[in-house]
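What follows is one structure encoded as structure tokens, with my remarks underneath.
Just so you know, all these numbers are worked out from the coordinates, no wet-lab data involved. What you see is a predicted model, and the numbers here were worked out from it, not measured in a lab. Heads up, the Cβs are rebuilt from the backbone with ideal geometry, glycines too, and the neighbour counts pull from every protein chain shown.
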Amino acid sequence: MNLIALDKAKAFPKEVWIGWISSLVEAYNMAIYSFIAPLLAPLLFQQTTAWSSVFFSYSLVFLGSCLLYPAGAIYYGSIGDRYGRQKICIYSTLGLAIATGLMGLIPIHLLKDGWIYFLVLISAQHFFSGGEYHGSIVFSLEHSEQKQNGLMSSLSCLFAVFGLVVANGLATLSLVMQDAFWIRACFLIGGAGGLISYALKNHCRETPAFCALKQPLLQEVKWLSFVQQEWRKIVSVVFLLAFFIVNYTFIFIFLPLINSEANIQNFSTFKSLMAYGVLLILSGILADKLGMQKTILMGIGLFSIAIIPSTALCKNLFVLQMILTTCACLVIGPIHSWMLHQFKISQRCRGIFISSAIATSIFGGSTVPICLLIFEKSHSLVMCSFYPLILAVSTFGCLICMRQQTKVSA
């Protein structure tokens, strides 16, 4: 990050920093189960084979995201456009903290069907995450008073990466220690962090963009007419979020799970996540130079070209992750600022949240179970890579098509 960016960051109001801290905590809370699932699997599904227990443990995430994330996103989306962005952040942060903390209190060894309790709490996590993740990003970006700024978007992502790094580091430590205390500690730390974030958000102001809206507009929350009017934008955001969800999970969850070099003492993903943060900042700066949509399209194109040969030829986990991460960051870095400015301020939460509801209900948690099934049948990482590849090509085609239609309409 250059000195000018640092000087600007120092001038941000406290709400920007609190929004970023919330993104860090939310990312940690939503990632910690996925990182620690291989250790929990034999405890939650004791009567199954090793492969089946891992498959079922990740299927809980898929079920949770499909069941309750869309409901949370739609619920908090309507709140955000009617009552303010701060309302979203406060209540969703508290709920997510409680759900994560309770995971650390489940007496796994004393319960016959402990996975049921985890499914309930994972579902609760996803309901509150439906408002927390995008709510915190909208909150911080609107407080920064920046317009379509790629660097601001990448900084928002960077704090989420900090949360992922901490989650991966503690989960890897738990896998090394093989101790129930460390498993509980991972979840309890997330709950405590969420409570701190909740306390901080209670001392924040509403965003200037929301405060500037006329009061009558705030009562106009008509979902059907909104979707009919803005369906092209919603479809574009859905595809882009789906690319984000699937490829992040493929790179940082699935690859370490099946890579032959990724045993419990390997910190390759920990190092890759730190590099991920640096690459996000560079992608944000590049987006400000070239334009956000051009940078996003370039990233999707490079990812589509690189994924098959990389998975076929590269045997080292860290190198493989770095190749794919470099391409994916060109998309992920500016994604939030790009989404923010697809919709009017009075419809911003609805637009982003309903798009995330659709993307997550279809693709959230799908990557690991689907790719595990493909790998079990084919024993080929290349065959597994066709899932993210098909989605990348579809996203590229969708964005090009929508851009052409927008030009024609103009």
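General remarks:
- Chain lengthening between GLN293 and PHE56 when straightened (0.36 nm per residue, less Cα-Cα): 81.6 nm
- At R0 = 25 Å, FRET efficiency that the Cβ-Cβ distance of LYS222 and ILE400 yields, to 0.05: 0.25
- Potential lengthening of the chain between HIS379 and LEU282 amounts to 31.4 nm, from the contour at 0.36 nm per residue minus the alpha-carbon distance.
- At an R0 of 25 angstrom, the distance between the Cβ atoms of VAL235 and TYR83 translates into a FRET efficiency of 0.35.
- Membrane-span-like helices in the chain, defined here as complete DSSP H runs extending at least 24 Å along the helix axis by their C-alpha atoms with mean Kyte-Doolittle hydropathy no lower than 1.6, are 150-177; this is a sequence and geometry rule, not a statement about a membrane.
- Contact order for the chain, expressed relative to its length and based on alpha carbon pairs under 8 Å spaced 6+ residues apart, stands at 26 percent.
- Shape call, the stretch 222-369: gyration tensor on alpha carbons, a/c limit 1.5: prolate
- Square roots of 5 times each gyration tensor eigenvalue, C-alpha, the chain, largest first, Å: 32, 25, 20
- Three-way shape call for the stretch 6-88 based on the alpha-carbon gyration tensor, with the a/c threshold at 1.5: oblate
- Subset of LYS201/LYS289; LYS87/LYS289; LYS87/LYS344 violating a 27 Å alpha-carbon distance limit: LYS201/LYS289; LYS87/LYS289
- Take each peptide in 378-388, 29-39, count the other Cβ atoms within 10 Å of every residue, and average; sorted highest first, the result is 29-39, 378-388.
- Cα centroid separation - the stretch 330-357 against the stretch 54-102, whole Å: 17
- Taking GluC sites (Glu not before Pro) in DSSP loop states with no more than 16 other Cβ atoms inside 10 Å as exposed sites, the chain has its longest site-free stretch at 262-410.
- By the Cβ distance rule of under 4.7 Å, the chain has these cysteines without a partner: CYS66, CYS89, CYS157, CYS186, CYS204, CYS211, CYS314, CYS327, CYS329, CYS349, CYS398, CYS401.
- Dividing the alpha-carbon radius of gyration of the stretch 62-176 by the rule-of-thumb value 2.2 N^0.38 Å gives 1.22.
- In plain terms, the chain from LYS344 to LEU43 could stretch by 103.6 nm, reckoned as 0.36 nm per residue minus the Cα-Cα distance.
- Ranked ARG403, ARG85, ARG348, criterion: other C-beta atoms within 10 Å, fewest first: ARG403, ARG348, ARG85
- Virtual spin-label span in nm between CYS211 and LEU173, 7 Å along Cα→Cβ: 4.0
- Reciprocal mean inverse distance between Cα atoms of the stretch 319-371 - Kirkwood radius, Å: 13.1
- Value of Rg to Rh for the stretch 163-247 (Rh from inverse mean 1/r over Cα pairs, i.e. Kirkwood): 1.17
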